[in-house]
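Worksheet: one structure, shown below.
None of the figures in this text is laboratory data; all of them are computed from the coordinates on show. Just so it is clear, the model here is predicted, and its values are computed rather than measured.
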Ligand code: GTP
């Protein structure tokens, strides 16, 4: 098909504004999926995505639309993830498009995430088509939202398309707007091949499926291609489009979006953002902006039962097949035994992986408190990075300074909650940068914050202190020096490595105390006294004591029948299995979990 009949676009929106529902409608109206196959949210195929109501991976689908001008168009819809953790994937998927549909909820209006994504689209020179969705809602206020789009984003909104994806209103109009307003690709049809990898996934039967957008030239089955960053040469075994299932076409021409299969074994070989060209006649230079996936948040994952260790490794390997941004290396903890140190894009990413391990692979696990990557500078001029509190240099080891990663966060919030948000940011060691009222009701507050403070419970706290009205978006701005210390927790004098954490010096005592108090509640009394202490090196900064006590589970059935006594003792034994022995103290599994929540 000629380039002038192609349109490549993505849909950007704040979470829950209706992106997936609109995508489903487009598939349905263009007959890409039959009514019979129409399952809500075809594009969000993972169960967990469906449940959490979020889009995790970018996906693509090709639609054919017979427009009012009598021509047939090829529309390539690239679905983008909606969460800040996946911002790099969003930016790469946007680079595969000429236009973007900006979906704004008619009742909620513009949100922080909407802004972040629109700026990304504008940076990529995309034509943005505003769509106001959910016009069926009683609370919909189209004029107000139009004003917001104009004032806050600075896009003309007079000709915004009005839709109700739920009721199927405005979908034809949207398709026509895509054709009229989004420019057709303009590349060199004959030139040396230049194609962008914008996603990839591992299919159990077919191997790695790589999602590409062809710019110049054309990919054909049998071609020998080269991956720019690695120089690896591969043969195209198959290529085609998603409509919505894979359909082999034998060729992908200039301006098209589709998939290639090359027989590579892992998606690490075809990373998002990389350039593909012909091995024999390569293009002169690669596409801009490629960077390998990078973890931001680290945590140890430990199986509760040591028997599950090899299962956990297999499961992580499988998940990694589909997720180039997940990394893991074996690690051992005195308290938790054998496990893996894993790297994630962010906290949501971590939650999703842990949940999938539990659900899809049936592995019960404990995760240690999430940590970021710190840079340690030594007196002798050397420096290194650590992502595990256990590696933190001890006092007297010649440490000069420790740096931690900082982010710039934008929080959009109704004016009544401005005070609460600022209070929270201050508690989290934030540095105030700026505040602007975007309309009479809402303010955009900008803070610089340490990433470590964000990864634990910032979202949750932000939500609860603003009754869910705040939206948040952030970008990394680099490393800065902080007064950081490692706090150890000792149970009966023994340090429990899984409880150790890195903290700002000013927060060390209060956090240490909170953990000691929590452990006192959770660790059952035993026959001897158990001191629980928080320590900075050799200095104890907090202490609680669990008094001695013998739990006699059979006490309440004196004289009673022996089988009942046995049962109770059995039960106690079972309970003990779920404890970790630290020195002479048994710590229940739940202690590890609840301490994480405290941090
Ligand atoms: P993420 O995948 O998390 O980014 O969300 P999304 O933007 O894809 O939102 P989704 O399509 O999942 O819709 C969120 C919710 O809004 C769902 O419960 C939809 O049923 C509902 N919804 C979508 N469009 C409309 C609409 O036009 N009217 C009404 N009333 N509800 C809608």
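Key figures
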quantity	calculated
Tilt relative to the chain, helix 508-522 - C-alpha long axis, 0 to 90 degrees, to 10	70
log₁₀ of I(q)/I(0) at q = 0.20, 0.22 Å⁻¹ - the stretch 122-225, Debye sum with one point per alpha carbon	-1.04, -1.14
Projected area, mean over directions - the chain, Cα convex hull, nm²	32.7
Relative contact order of the chain, defined on C-alpha pairs under 8 angstrom at six or more residues apart (%)	9
Calculated on alpha-carbon atoms, Rg and Dmax of the stretch 194-278 in Å	11.2, 31
For the stretch 65-154, convex hull volume per residue from C-alpha positions, Å³	122
222 nm mean residue ellipticity, helices alone, for the chain (DSSP H n ≥ 4; -39,500 (n - 2.57); rounded to 500)	-7500 deg cm²/dmol
Acute angle (nearest 10 degrees) that the helix 562-577 long axis makes with the longest principal axis of the chain, alpha-carbon atoms	60
Long-range Cα-Cα pairs in the stretch 297-368 (distance over 13 Å), rounded percent	59
Rg/Rh ratio calculated on Cα atoms of the stretch 357-462 (Kirkwood radius)	1.12
